[in-house]
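The values are calculated or read from the model by the stated rules, or taken from the named source; none is laboratory data. Given the structure is predicted, the values throughout are model-derived calculations rather than measurements. Using ideal geometry, Cβ is built from the backbone for each residue, glycine included, and neighbour counts are taken over all protein chains shown. Only protein heavy atoms, including side chains, enter the accessible area calculation; ligands, DNA and RNA are left aside. Shrake-Rupley method; radii C 1.70, N 1.55, O 1.52, S 1.80 Å.
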Amino acid sequence: MKATFFAIAAFAATAFAAPASGVPGALQNVDDVVSSSVTDSAGLIEALESVLSGIQTDTGAINSTVASFQKGDISKEEAQTAASSEVADIQSKLSEIVSDLTGAVGLAVSEGDVDKVLNLVVALLSEVLSTVKSLVTILGLTPQLTLLLKSVFGIVSNLLVVLIGLLAALLPGLLAALSPLLAGLGNGVLAPILTPVVALVAALAGPGLA
Ligand SMILES: *[C@@H]1O[C@H](CO)[C@@H](O)[C@H](O)[C@H]1NC(C)=O
């Protein structure tokens, strides 16, 4: 499992110039990282629940911004500016959990907990993907939004790498859930910003790594 993790981490480190501030390097040498607030599976589940609920606040704000634009209460530019700062909030929450989990090594996790973690990760990704899809469909992509969203999905792929490193048992369930989710989005408006996640899932699904 360790070897698999390093192979995946090396892939992620070379494939994406890690956009998360504070994260670069951490993925390459887990042994150098000593502290994490996550020391067991209950802690991992708690951390994921908390990031999911934090991110739902941000996606809720994005949805209100989009709705305000649709009602004509704010201009498209105002909506794009507000949405950018809301996406930046998602970016920083995701960066935080990646940093935090990067220090967590060798968690013993029961099968029931693997399922809970899997469900939380899939809920998190679905929430972000569906919100971003409606945001991009209705407001379009500005250069700033493109940059932010590319960063968000780069961090998402780092998060997946770190989680699989912690819990190799997640891999089959993640692939089963993510492949159709991404296939449904990969050809549309989100295609250019989803590349890091699509590339990671393809690498994980391919022979040799998984
Ligand atoms: C925001 O909108 C998306 C797309 O309609 C939806 O999937 C998501 O659950 C909404 N989130 C919140 C918190 O309202």
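The table below lists the values:
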| read-out | value |
| --- | --- |
| All positions within the stretch 113-138 that are buried (at least 17 other Cβ atoms within 10 Å of the Cβ), within 11 Å of the ligand (Cβ to nearest atom) and among the charged types (D, E, K, R) | Glu127 |
| Output for the stretch 62-83, where each listed residue is part of a loop (DSSP other than H, G, I, E, B) and open to solvent by less than 70 Å² (accessible area, probe 1.4 Å) | Gly72, Ile74, Ser75 |
| Whichever residue in the stretch 84-99 is over 14 Å from the mean Cα position of the chain (by Cα) and away from the ligand (no atom under 12 Å from the Cβ) and, among such residues, is most open to solvent (accessible area, probe 1.4 Å) | Ser85 |
| Residue within the stretch 105-112 that is over 20 Å from Val198 (Cβ atoms), more than 12 Å from the chain's Cα centre (by Cα), modelled with pLDDT under 90 and surrounded by 22 or more Cβ atoms within 10 Å (Cβ to Cβ) present | no |
| Close pairs from the stretch 155-166: first over 19 Å from Val114 (Cα atoms), partner not in a helix (DSSP H, G or I), Cβ under 7 Å, at least 6 apart | Ile155/Pro19; Ile155/Ala20 |
